[in-house]
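The values are calculated or read from the model by the stated rules, or taken from the named source; none is laboratory data. These figures come from a predicted structure and were not determined experimentally. Positions of Cβ are backbone-derived with ideal geometry, glycine not excepted, and every protein chain shown enters the neighbour counts.
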Amino acid sequence: MRFASSTLLLIFSCFVVACRVMGVNGCLKKGLAVSSKKKRILVVDDEKDIVDLVAYNLEKEGYEVLTAGDGEKALAVIKSDKLDLVVLDLMLPGIKGLDICRIIRKNPNTEWLPVIMVTAKGEDMDKVIGLEIGADDYITKPFSIRELMARVRAVLRRAETRKGPAQDTDAPETFSFRDLQLDYGACAVAVAGRKVQMGPTEYRLLTFFTRHPGRVYSRDQLLDRVWGDETFVEPRTVDVHISRLRGAIEKDKDNPEYILTVRGLGYKFGS
């Protein structure tokens, strides 16, 4: 019995070592026939050292990682592969990161694809531009890997929540106010019968507001309720996404009728 146990232990140890040599994080799971589907993340950066570092750590977290070193290759991967998230550098050779983000948001097949922008620029205006054109989050080089991993988890969690069914089974499946219509089950928004496209964060904001019409929420409350605890964002981020949401659903974003500012307090939906 002692010999048999030692033999089994030796076989298992060899299997673990083989997995490490192969560099496949999911090897043990595959060997034990665990069939959980990995999230697919595209990392786009022209600095190979950064790509390798980020890809290595994402794979350690259990994600499937694809990489691209320029804008053209990134767009090719986005068009041909089913992705769950793009980690996108702003300054790229060829097509720039901002243009890639715009293309993602304008394409009906990828408009809901979450994007985390990564850049060496740290000015507030660069962050605002990145968020305004459709990025879901923003991180500045140099960054810590732990922070990036936390942002990745948070953005993916928000995307899953957005795609998943409503937690409150008693909540209505549709909402209508003036020309605005929402179908929560289909994740569809229309204004005056016209389909409206928006990013996942804007949709979550709109869903939250329409689930609680008339109630005022501060920026910090919205960060807690919509962004969650693990996301590293500043209160100003709320203003940027509110502006984008207004741009999608309001006739005049400077004189809104749906998402209203309550001076000194925050925001609310409706009158």
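The residues of segment 182-207 that are within 18 Å of V240 (Cα to Cα) and surrounded by fewer than 16 Cβ atoms within 10 Å (Cβ to Cβ) amount to a single one, Q197.
Per this entry, T237 is counted among residues that are outside the structural domain of I104 (by TED's automatic domain parsing) and in contact (Cβ under 8 Å) with a residue 40 or more places away in the chain. Counting only residues that are at pLDDT below 95 and β-branched (V, I, T), which one in segment 23-49 is nearest to L88 (Cα to Cα)? Among those that are at pLDDT below 95 and β-branched (V, I, T), it is V24. Any residue in segment 99-118 that's closer than 16 Å to R204 by Cβ and of a type in the set (D, E, K, R): show its pairings with residues that are crowded, with 24+ Cβ neighbours inside 10 Å and at pLDDT 85 or above at Cβ separation under 9 Å, as long as the two are six or more apart or on different chains. These pairs meet every condition: R105/V115; R105/G199; E111/I104; E111/G199.
Only one entry in L66, L92, L75, L88 is touching a helix residue (DSSP H, G or I) at 6+ places or on another chain (Cβ under 7 Å) and over 22 Å from L156 (Cβ atoms), namely L92.
Please work out if T169 is surrounded by 15 or more Cβ atoms within 10 Å (Cβ to Cβ), at pLDDT below 90 and not in a strand (DSSP E or B).
no
Condition check ((1) surrounded by fewer than 19 Cβ atoms within 10 Å (Cβ to Cβ); (2) at pLDDT below 70; (3) β-branched (V, I, T); (4) closer than 18 Å to G199 by Cβ) across all residues:
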residue	(1), (2), (3), (4)
L113	no, no, no, yes
M117	no, no, no, yes
A120	yes, no, no, no
A135	no, no, no, yes
L156	yes, no, no, yes
E160	yes, no, no, yes
L180	no, no, no, yes
